[in-house]
Every structure is written in structure tokens, then in C-alpha cells.
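Here the structure comes first, spelled out in C-alpha cells, and everything after it is commentary.
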Amino acid sequence: MPAKPPTQPLAERPAKQDVLQPGQLFLGDLDGVHRRLLVRAIRRVLSIELAELTYAQIIDGLPTGDVAFDSRVQPHGYAPNFHPIGSAHDELCPGMMEKARQFREEFQPELLAFNSKLLHEYRACSPDSRGFKTRLVEMMAVAVHQIAVILFELDTSVHKNDGIAQWAPPKDDELYWYRHPDGPLPTLFSHPWYKDHHQYPRGVADMVGYWAEARILGGVVLFDRRDPNVEPKADPEAFYLHPDRDGVTYRICQLRPEQQQALLNFLLADEPPSTSPLPLLPGMEKRSRVDPEEPILSTGIYRDPWERKDRPPSMGDARLKDVYPRLEYPDRDDWYEAGLRARNRLWKSQGGSEGE
């Protein structure tokens, strides 16, 4: 039986977020219209039912079974009838949605911390500029991430002793143990491309933050960090999402213009739309897509340079499949070019040099 949840209001408990990390500033250091618009945007995202459900699962300590398997990479690669999360947690434990709502009502966004460079750039932009909108979206995404971090670090899980999160496949599953010699990840709140917790500032809690971004927003929010003076195709004001949902591409996708505008309208309009555009999910449109298999410093599409390690070819490469996967590549030419990149990467890993 799950442990009885603690009764102290979540927003009153001490959190690591109360202490600034080097190079950070609190949202409360902003003033005027920049502060008002950002706080309002964050509160709008927190108000949607999907955000409530996502944060309630973190307070609970486990994702529900349907959410755990709504991923391109299911837990340990097992079907729901194998992993206990598929049947042992069909719904939230009692009171968790209420706790999430209580936290939302008591939470003070002014205590969120942001990279000082990002905050200064946001403050320097005119509210009607494209740069302002891009930085507001980035700060909103960081806020969604940080709130998940805060909730996870409060350690409210009522499933600490039921073994569900720690479950591992049997030792005779040689392929699993070859690929995962250290066993299961420390949490089931994970995005398959954002699990390098040993190098994250907040460790495992940042894994949970990336998972929450993908659930609420539609993907981990990324940006074009290339220098326009060096790369003519760079667009520093473009938004990208790295989704993780069953039936949705695993590739990084640039938002369609109408998606980008719908998001900005939701965040910035004096009277928000009656329905939320979230989550924003890519379809079959031929928009710019990026291979997550490629090093992030090579593609230039990322938010923070430490968010994903380069993956060794030994982990496999979906781009090498022979069957045309239209879900990933609406354009066949893109599929062909991705295959060339994959083969070149494999060749170099085996000691070859580019161009041979």
C-alpha cells in the first residue's frame, strides 16, 4: 500500500530552488511589463489541465501507466503486460490532483531562477520585438522544467517502497543488460533523449524536468544557437520541439508558423484563447527537422550544451533502417540525406575519415 502522503502544503516546504546557483538571477529581479508578462505567461501554462496532471504525477511519485507507455521508447522496451507500471498505477493516488492545484495556487513564480544572460537579454528587448517573444518562450520552458525539478526534489512520492520504479528485466535479458549494465534509470519520469543525469546541474531532477516539458508543451523546447554571421541559415528566433509521444516522430522539429503564433497568442494575449494550443505536436508537414543522433554542437539546435551526450553508434541508429519511415521523414530526400549522415557517422566511429 502506498505510504500516506505528507500533509504540509508543498509550497511551504524548503526547496533547493530557494538558493541561487552561480550565474543565475530570480525572476523577481525583473520589474515592470517584462515581469508582468512573464509571470502571466507562466501562470497560464500552469492553469491547463495537462500541466495539473503532469505535476500531480510527480507529486505522486510515478507516472500513470498510460502516460509511461505514451512514449517512443517504452520502459525497458517492454510491453505494458511485462513492466508493473502497466497495471499497478492506472490512475493517480487519491488527493494528488488537489495537491497539484494547491501548489499552483500558492506558488510564487518570482522565486524561479534563470540564467542571468537570458534574463538580461529578455529585459533588454522591447515587448513588441521578435527577440522578446523568443526569450519569453525560452523562460516559460525553463519555468515549466524548474517547477518539475522543485516538485521532484520535495520528495513527496508515495511509492518509495513498492519497487515499481526500481523494477528491472530478468538477468537473462542479455540485450537489455548489455545496453544498460547499470540497470534501470533512477526514475520513470524520463525522455529517452534526455537522461544524462550525471552531467545535469540538478541531477535526476533535471531528467524529470525534461519529461515534464515534453508532456506539457509537446517536447523539450530548443533553439537555434548557431551564429548567423557564420551560418547563413541560422535563425536565432526559431523555436524547436523534441517530442516523445507514441505515434509522433522522435526527431527534433521546428514549429510551424501557425503553431508558433498560437503559442504566442496563448502566452501574451490580454484575453487568452478559450482553448490551449498545448501540447504542440508535429504532424506530417515538411518543416525543418533535425537528427538527434548528431552531436548538438554540430547541429546547433539545443537549449543548453550539456543536455544530451553524443550517442555512440553501438546504441544503434534508426536512420539506417531500410524501410522508408514516413512518420520521421515526410520528404524522401531528407530520409536519404539522413541515411548518408548516419553511415558517415558509423564509418568515422570505425576509424574512417570523412570524405573517404
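The numbers here are math on the coordinates, done by the rules we state, and not lab data. Note that this is a predicted model, so its numbers are computed, not measured. Note that we place each Cβ from the backbone using ideal geometry, even for glycine, and neighbour counts take in every protein chain shown.
When a/c reaches 1.5 or more, the comparison of a/b and b/c decides; with that in mind, is the chain rounded, prolate or oblate per its Cα gyration tensor? Intermediate results must be reported in sequence, preceding the final value.
Working: a/c = 1.71, a/b = 1.08, b/c = 1.58.
Oblate is the answer for the chain, as a/c is 1.5 or above yet b/c matches or exceeds a/b.
Could you order the peptides 200-212, 39-51 from most to least packed, using the average number of other C-beta atoms within 10 Å per residue? Before the final figure, lay out each step's value.
Numbers: 200-212: 22.5, 39-51: 17.6.
Sorting 200-212, 39-51 by mean packing, highest first, produces 200-212, 39-51.
Running a GNM on the chain with Cα contacts under 10 Å, which residue among Pro109, Pro325, Pro277 ends up with the highest mean-square fluctuation? Answer for the Gaussian network model of the chain: Pro325. Distance from the alpha carbon centroid of the range 88-141 to that of the range 196-241 works out to 15 angstrom.
Checked against a 31 Å cut-off, the cross-linked pairs Lys117/Lys160; Lys171/Lys195; Lys117/Lys348; Lys195/Lys286 give Cα-Cα distances beyond that limit for Lys117/Lys160; Lys117/Lys348.
Label sites at Leu50 and Ala238, each approximated as a point 7 angstrom past Cα along Cα to Cβ, lie 2.3 nm apart.
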